[in-house]
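J.: Could you have a look at this structure, given as structure tokens, before my questions?
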Amino acid sequence: MKCPAFAALPTVVGSFPHTEAPRLLTGSSAFSKRCRVAPTARPDWLESMYVQYSEGLPGAVVDGSAQTIYFRGDEALAGELEAFYQALVDEDVERFAISPRYALGLHLFLESVPRLGGQRPKWVKGQVTGPFSFAMTVTDENKRSLAYNPELYEVAVQGMAMKARWMARKLREVAENALVVLDEPYLCAFGSAFVNVPRNDVIAAIDAGWPPSIRRGPGRVALLWQHRLVAGVLDRSGRGQFRRLRIFSGLSLYPAELSSFFAEGRRAELGIVPAHANGDLDPHTLLAALDQRVEQLAAKGMDRGALYRQALLTPSCGLATESVESADRLVDTLAEVSNLVRERETGR
């Protein structure tokens, strides 16, 4: 698949503070004109990052009143696992659907796009929790991370892959192409004393998150930068620099991997706008910060133009902890920075 030249288009990580999903979808900050985003609103705890993608997985116990989630390992699990793996063999993507109860923002978004009129969007973007982060965060009934339970670890890895495939299918219904991001915040802890998971297992989980089968069907799907690049870095160094990768400061540590990554035509999300209203939100100041970081990479042999052409711009994190007003202001700032980059670098 030939990846698109996003050319610093603005997008977001996905989470918003809005408790009223319709208000989020009607606001100008909900998605950009060029790359629409399926939002995660906050009307219910079930729509939180790790709960949302647990729906229907074998052994999952979700208690909304107590706001707890864990996976059980009782006798009934064997039958659930058999049905789970049969669905994998049959490629039964609908078996892994996410219902409106767990993803109201997504379903309202899918309903709203056709009503906007005009041509189908070129791209829409969605997100799914990455398999490694899911497995490290969610526990079994003994409060042990799923990553340390081989049986349930495989459920997390394959389950997230199928959730991503389902997400891609739904997004393709309303747009020409779909962009699915696997969020892996827990990679920042890899290599520390708190994560005792073999490097090869982490790489395998990342690779399993976007199997070739996810690209089947009409349209195209891209899974963003973090996974291929991180796998390459892990394969060579095993060091956990991933939190800093999203905000640039760690990228220059891996010039060879990054050069290879972009040479293959891959794309990156660059989190340049601070995900809190207390940061400096002057677009020209943020553009100067972006330019400074790009020049640092160019000094290591990177193609400066490619860094701008093959990137989307995002906030540095999700916006769920901000006020609605702050989130709108942050995304508006992001759009302004994007316009400044695009006018200068592409003339459009």
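The values are calculated or read from the model by the stated rules, or taken from the named source; none is laboratory data. In this text, all values refer to a predicted model and were calculated from it rather than measured experimentally. A quick note on method: Cβ atoms are made from the backbone with ideal geometry, for glycine too, and the neighbour counts reach across all protein chains shown. Just the protein is used for accessible areas: all its heavy atoms, side chains included, with ligands, DNA and RNA removed. Shrake-Rupley method; radii C 1.70, N 1.55, O 1.52, S 1.80 Å.
J.: Sort out which residues of region 334-348 are over 20 Å from the mean Cα position of the chain (by Cα) and open to solvent by less than 10 Å² (accessible area, probe 1.4 Å), and write them in order of number.
T.: Passing the criteria: V337, V341.
J.: Considering only region 305-332, state which residues are among the β-branched types (V, I, T) and in contact with a strand residue (DSSP E or B) (Cβ under 6 Å, 6 or more places away or on another chain).
T.: T314
J.: Still on this structure: Residue check: is R23 at pLDDT below 85 and surrounded by 20 or more Cβ atoms within 10 Å (Cβ to Cβ)?
T.: no
J.: Name the pairs whose Cβ atoms lie under 7 Å apart, with the first residue in region 82-96 and of a type outside the set (S, T, N, Q), the second open to solvent by 80 Å² or more (accessible area, probe 1.4 Å) and modelled with pLDDT under 95, and 6 or more positions between them or separate chains?
T.: If the second residue must be open to solvent by 80 Å² or more (accessible area, probe 1.4 Å) and modelled with pLDDT under 95, the pairs left are V93/R169.
J.: Could you grab the pairs with beta carbons closer than 6 Å, sequence gap of 6+ or different chains, first residue in region 284-306 and over 18 Å from N339 (Cα atoms), second one assigned to a loop (DSSP other than H, G, I, E, B) and open to solvent by 60 Å² or more (accessible area, probe 1.4 Å)?
T.: Short answer, once both residue conditions are applied: none.
J.: Out of the residues in region 312-330 that are part of a loop (DSSP other than H, G, I, E, B) and of a type in the set (A, V, I, L, M), which is surrounded by the fewest Cβ atoms within 10 Å (Cβ to Cβ)?
T.: Across region 312-330, the extreme among qualifying residues is A320.
J.: How many residues are farther than 19 Å from D74 by Cβ and either open to solvent by less than 60 Å² (accessible area, probe 1.4 Å) or part of a helix (DSSP H, G or I) (or both) if we restrict to region 146-175?
T.: 18
J.: Same structure, new question: Just a yes or no: is a residue in region 139-158 under 23 Å from P10 (Cβ atoms) and of a type in the set (G, A, S)?
T.: no
J.: Just name the residue that is most open to solvent (accessible area, probe 1.4 Å) out of those in region 94-133 that are assigned to a loop (DSSP other than H, G, I, E, B) and more than 27 Å from V155 (Cβ to Cβ).
T.: It comes out as Q119.
J.: Next question. Can you find a residue that is on the phi > 0 side of the Ramachandran plot, assigned to a loop (DSSP other than H, G, I, E, B) and surrounded by 11 or more Cβ atoms within 10 Å (Cβ to Cβ) anywhere in region 68-81?
T.: no
J.: Something else: Can you name every residue in region 270-293 that is buried (at least 21 other Cβ atoms within 10 Å of the Cβ) and in a helix (DSSP H, G or I)?
T.: Those that are buried (at least 21 other Cβ atoms within 10 Å of the Cβ) and in a helix (DSSP H, G or I): L286, L290.
J.: Quick one: in region 134-145, of everything that is in a helix (DSSP H, G or I) and of a type outside the set (V, I, T), which residue is nearest to R267 (Cα to Cα)?
T.: In this case the residue turns out to be F134.
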